[in-house]
Amino acid sequence: MAESDCEAVVKRAWMNLLLAWGLLVGCSAAAVSEGLGDSGDAGGEELDQEDASETEEPGSDSGDNAGWEQQEEEKEEQEQEEEGGWEIGDAASGTGPFWPGTGRQEFQLVFHGDDVTWERGVQGGHHIWVAVEAEREVLDALDEDSRRDVRHTYRFYHEDGEQLAVASRRGGFRLDEEAGQWRAMGLYAVLTAPRRPSTMDGDLIRYELEMELGTEVFHREVWLVSQCCD
């Protein structure tokens, strides 16, 4: 082969080699560019998802707010039911033809939210006067001995559950002709818990009445506001 022919072959080989190298570099650059574009799009999608999760919070519109408010109201109602469910001025909760009250010589019916006052005794202690009213037809149906056997028990509990005072007796009912009801008064429950009435001022206390009428037992309760002191 002549020298000129060899030079021509070499030149074509170099040209082909340079062309192949150029194509290889171009393909590689395109692949890298596509990879960067995909990752950028994915990052954008993730960012959009994060933005959406940050903005989609409960109560973000009026409908959600209404739903949450309703849930809160239902929760408060449920808690009130669990605590006995009462409003100021309601009659004592429970069953039976008996109603709790206070009074040494004059009967006073008590309602939820009423004040009740601890009275100072001559020996330095404190007590609450307790009383009960019974529907007339119930005790009218009993003979005198049976009425004397009716036991009535009174208990007071602080709002934290601690028992404060208790009193109990049998009989003692007198018919109040004017009111048309049987009543028992003149009994008091002495504060035995290690508390002073002044430390409970304004606290809620639960007043429980238990009545034993033959084989039947009835319960009523009322929440009162503790006041100190007469």
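The values are calculated or read from the model by the stated rules, or taken from the named source; none is laboratory data. Note that this is a predicted model, so its numbers are computed, not measured. Virtual Cβ from ideal backbone geometry, glycine too; neighbours counted across all protein chains shown.
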ask   = Failed condition for Val190, given (1) in a strand (DSSP E or B); (2) aliphatic (A, V, I, L, M); (3) within 20 Å of Trp99 (Cβ to Cβ), with all others met?
value = (3)
inquiry  = Given the condition touching a helix residue (DSSP H, G or I) at 6+ places or on another chain (Cβ under 9 Å), small (Gly, Ala, Ser) and under 22 Å from Ala91 (Cβ atoms), answer yes or no: does some residue in the range 208-225 qualify?
reply    = no
note = Note on Gly84: of the conditions (1) modelled with pLDDT of 70 or more; (2) assigned to a loop (DSSP other than H, G, I, E, B); (3) under 29 Å from Thr199 (Cβ atoms), unmet is (1)
ask   = Scanning for something within 36 Å of the chain's Cα centre (by Cα) and either within 14 Å of Trp99 (Cβ to Cβ) or buried (at least 20 other Cβ atoms within 10 Å of the Cβ) (or both), does the range 157-171 turn up at least one residue?
value = yes
Residue within the range 144-157 that is assigned to a loop (DSSP other than H, G, I, E, B) and either hydroxyl-bearing (Ser, Thr, Tyr) or under 21 Å from Asp203 (Cα atoms) (or both) present = no
note = The number of residues in the range 174-230 that are without any contact (Cβ under 8 Å) to a residue 60 or more places away in the chain, under 18 Å from Leu164 (Cα atoms) and β-branched (Val, Ile, Thr) is 2
